[in-house]
1. Would you call B:Asn788 touching a residue at least 40 places away in the same chain (Cβ under 8 Å), out of contact with any strand residue (DSSP E or B) (no Cβ under 7 Å at 6 or more places or on another chain) and surrounded by 24 or more Cβ atoms within 10 Å (Cβ to Cβ)?
2. All but one of (1) more than 20 Å from B:Thr50 (Cα to Cα); (2) out of contact with any Ser or Thr (no Cβ under 8 Å at 6 or more places or on another chain); (3) more than 7 Å from chain B (Cβ to nearest Cβ); (4) of a type in the set (S, T, N, Q) hold for A:Gln40, so report the exception by its number.
3. In segment A:83-91, is there at least one residue being assigned to a loop (DSSP other than H, G, I, E, B) and within 30 Å of B:His25 (Cα to Cα)?
4. For segment B:772-784, state whether one or more residues are at pLDDT 95 or above, assigned to a loop (DSSP other than H, G, I, E, B) and surrounded by fewer than 22 Cβ atoms within 10 Å (Cβ to Cβ).
5. When segment B:512-536 is examined, which residues are found to be within 23 Å of B:Asn312 (Cβ to Cβ) and either in a strand (DSSP E or B) or under 29 Å from the mean Cα position of the chain (by Cα) (or both)?
6. Looking only at segment B:461-518, count every residue that is without any contact (Cβ under 8 Å) to a residue 24 or more places away in the chain and among the basic types (Lys, Arg) and tell me the total.
7. Identify the residue in segment B:739-754 that is in a strand (DSSP E or B) and more than 24 Å from B:Asn357 (Cβ to Cβ) and, among all such residues, is farthest from the other protein chains (Cβ to nearest Cβ).
8. Of the conditions (1) farther than 20 Å from B:Pro768 by Cβ; (2) more than 7 Å from chain B (Cβ to nearest Cβ), A:Thr49 clears all except one; give me its number.
Amino acid sequence: MPKAFLVDLSRCTACRGCQIACKQWHKLPAEKTKNVGSYQNPQDLSFTTYKLVRYSEHDVQDSVKWLFFPEQCRHCIDPPCKGMADDYDERAIVQDPETGAVIFTDFTKKIGDLNPEELCPYNIPRRDPITGIWSKCDMCLDRVQNGLLPACVQACPTGTMNFGEREDMLALAEKRLTELKKKYPDAQLLDPDDVSTIYLSIYPPSWYHKFAVASAKQPHTMNRAQALAKIFPALKHRVG
Amino acid sequence: MTNHWIDLKNSDVILVMGSNAASNHPISFKWVNRAKENGAKLISVDPRFTQTSTQADIYAPLRGGTDIAFLGGMIKYILDNNLYFKEYMVNYTNASFIVSKKFTFKDGLFSGYKEGDPDSAYRGKYDKSFWAFERDKNGNPKKDVSLKHKRCVFQLLKEHYKRYDLAKVSSVTGTPKDKLLEVYKTYSATGKPDKSATIMYAMGWTQHTVGVQNIRSMAMIQLLLGNIGVAGGGVNALRGESNVQGSTDHCLLWHIIPGYLSVPKSHLPTLKEYNDAYTPHCNDPKSANWWQNYPKYSVSLLRAMYPKTDQNVSYTWLPKADTGKTYTWLQLFDAMDKDEFKGFFAWGQNPACSGANSNKTRQALSKLDWMVNVNIFDNETGSFWHGPGMKPKDIKTEVFFLPCCTSIEKEGSITNSGRWMQWRTPGPKPLGQSKSDGHIICELTQKIKEKYAQGGVFADPILNLDIDSWQDQHGYSAVNTAKLINGYFLKDTEIKGKIYKKGTLVPSFAFLQDDGSTKSGNWLYCNSFTEKGNMAARMDKTQTPMQEKIGLYPQWSWCWPVNRRIIYNRASVDMKGTPYAPEKAVIAWNSTTQKWDGDVPDGGWAPGSKYAFIMRKEGFGQIFGPGREDGPFPEHYEPMECPVDKNPFSKQLRSPVAMAFAKEEKAVCDPRYPFVCSTYRVTEHWQTGLMTRHTPWLLEAQPQMFCEMSKELAKLRGIENGEKIMIESVRGKLWAVALVTSRFKPFEIMGTTVHQVGIPWHFGWQYPEDGSGGDAANLLTPSVGDPNTGIPETKAFMVNVRKAKEGEINA
């Protein structure tokens, strides 16, 4: 059964438990950072930072909005990155048929040095300049396959990060959306039909992050493998 | 906490003031969110718009150090609009007590005041006998339950706070009037019997020269609204360390010995005099006056230390504090600086960064002959001698470092803010030769005993101290220590017809004796480890339907006292034992069983037969609190360093009794230091950052000292966001990265603009080793403190911020 995250942004307090838990579970090294006049650090996703809480501040009339966006891979249902990577090597990016997790392998080095935006409408994956391998959130597939929650969800104290069967997450999303709409008319689910990481925002998505919703720039053209996969879903799984 | 973390979910209104709980106690928001789902309102009052504010229904800014003005205004609002819960107030608080004619309050001073001499640590002192209650022939306080007597507490309260009108409060706090009203109205709506509101506070309230009175103000509001003892109510201190509640219970502070017993004083040379001095007597049979059991607890503690020695003898072995003298943190470092003592154990602490006025602290360390630093890493304290500005060859202090293991490498208990004693089994083995604190203490004590066995001055207290019961064949034993803390019978004892065998564990503190037949390391924890086992290790979620409604899990871990999860819970019911809030009842009298259902009640007596506040001598919650050093009613005074030279509430600008070290300069309305500054924490770091700065992922997320300031202030000083700037106070200076934000706004105070800035206090020069983190915020903070506790005023002091000069910052 496909899995999904629901990220309820109305509840995020930017404790960054998710950001640290991700690094801890994946044994990723810390980067040398500097404070640049913001709580946010690192400044961007990287080959060794799969999850990043982004901070933004907006003056709205007399008040200030301080918004937090725990950013990660959306695990698209039809991942454009895979469509692109398949042209280089079909082993580079695979999709777990069970959960829908989009997994980058060491064969991603065949993709070469692209602008991440060309690979992903959410600008997520990052390339290691030394090995040429690309990386990003793997849905903690090793944990999930063993009945555990992804590390970021396990660490979240507030109920911002949720994970489970896609069906259940969509139901929870609708329930929370209905409640939140009463107070926040702008509340919405971000690209819920296309992704497995569904964000629930209460302010305009662009206030949180430029790539909160899919960039329009991304050419959503399907390559041969994707087109075939649409016609023969079983084949797509075999590719994986 | 009077209540506990889960109980936050039962609140109708949650006030977060003096804390940034979302950031510093992230898990609390699990329960705050539950309350919000049930329709609760969240209020955030803070000088700075914080992570907590982002979640709030109402955000109200206030200038740091003006909480009493803010809360005093709320008291006036409650009284003016008759929003108090009158039945509760009359039955459970001292609102009806009549105060002596000697009590007066004139222009900021209570009666009984005497100014301190210039060499004293304190600015002055009150003779508290001026604030006594009038008493009847039995010695009980006179009352007027109609609340009309002009000297009853209720009328004095009205008189005291009539000055706290909206205009004056707003001019002092800088909080807009409409925001004040919105907060007052929302919060005081919980004066209805079935509604409750809670307060989540932390160091934002305590670290002021009026810290205790900040909390008193809130406790008074809770008593007026009937919010103490009820589900979703109480006065809830969010503790700053996972086990700070436990360490306080076991006498972290100088003035207490375990279980909140008083430190013996020099004018009390015998046990009898000591017990007589601290055991309250009340002639009202309806007052439980629980502290009347004091001698049982003090004697059992002496027997826990010296089981074979008559308690009258072992009492004489305890060190005595000089009568009239206090020994708080700031005074100890002042004494160290004056060469008054030679040796120092810095155990699990980092005073070179954590103590106020770090330059003074660091200089004081250089006066020592020796220091033993017990920690998981070397720190700015152990390495002070090669820190900034130090000349190592001129420093004689010899430093010993004892590496101890981390909390997860050892067995033991942690008592959380909600008073839950939770047992922890050890994880990985201690690294290298590091040892648990218990092992270090035991081995050290053993060595000291061996030395004294060869002769020494006043050797009895050391030679006779029983440390065998702390240990097993492998040395220190957390289990055996926990059992000793609970306590044992020292001989076969008959209580209410039942024999308790010598050597068995005492079932609860009601069984402790004052004749030397029981021993207990801490009476409050008696009941935590009994013949039924280790209560703190329980993980059973069984509950009754009544308990389920309020999220009460009586068989999950254990809680002091006697597993009572919400204290003062007899005040949650009326005189017949019927809950005021039936949907979230804490206890209820069961007329069939003739017992209480729900939580463990504050004493099992039938409803109405005893007063609710059993720890008070008279049995009543104290709206009038005559025991504090700075007055029975909280009064607004400016911080010791402040941006104004007038206090519109009185002629007393600052607390007349604060700890202040008169000879040290303070910035009062000083153009050199025009901005209010507050220190605080961030989620990513803990205390002085010793653990967290050494954790790469946390340092990655928060790498450097920063200073938050408004856009207006940045413009005034020509400061760009992200540039390194200088912050200076009377005492020191340090660099920080400017974080320019709309979340700080200038305040309008009595017609002038006042800016406030904020800095985290987690950094220190020693690590990261390249110096890129910056140094300690406490280089700036003053050595001034609350007159009751001595806690330093690090939440409101005066600084300047400016652009750095060429070459001034090398990091």
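The values are calculated or read from the model by the stated rules, or taken from the named source; none is laboratory data. What you see is a predicted model, and the numbers here were worked out from it, not measured in a lab. Neighbour counts run over all protein chains shown; Cβ positions are idealised from the backbone, glycine included.
1. On the way: touching a residue at least 40 places away in the same chain (Cβ under 8 Å): yes; out of contact with any strand residue (DSSP E or B) (no Cβ under 7 Å at 6 or more places or on another chain): yes; surrounded by 24 or more Cβ atoms within 10 Å (Cβ to Cβ): no.
So B:Asn788 fails the test.
2. (1)
3. Of segment A:83-91, the ones assigned to a loop (DSSP other than H, G, I, E, B) are A:87-91.
From the residues that got through so far, the ones that are within 30 Å of B:His25 (Cα to Cα) too are none.
No, that holds for no residue.
4. Filtering segment B:772-784 for residues at pLDDT 95 or above gives B:772-784.
Next, from what is left, pick out any that are assigned to a loop (DSSP other than H, G, I, E, B): B:772-776, B:780-784.
Applying the additional criterion that residues be surrounded by fewer than 22 Cβ atoms within 10 Å (Cβ to Cβ) yields B:772.
The answer is yes, given that some residue of segment B:772-784 is at pLDDT 95 or above, assigned to a loop (DSSP other than H, G, I, E, B) and surrounded by fewer than 22 Cβ atoms within 10 Å (Cβ to Cβ).
5. Start the filter on segment B:512-536 by keeping residues that are within 23 Å of B:Asn312 (Cβ to Cβ), which leaves B:512-523, B:526.
Passing the criteria: B:Leu512, B:Thr518, B:Lys519, B:Ser520, B:Gly521, B:Asn522, B:Trp523, B:Cys526.
6. Within segment B:461-518, residues that are without any contact (Cβ under 8 Å) to a residue 24 or more places away in the chain and among the basic types (Lys, Arg) number 4.
7. B:Thr752
8. A:Thr49 satisfies every listed condition except (1).
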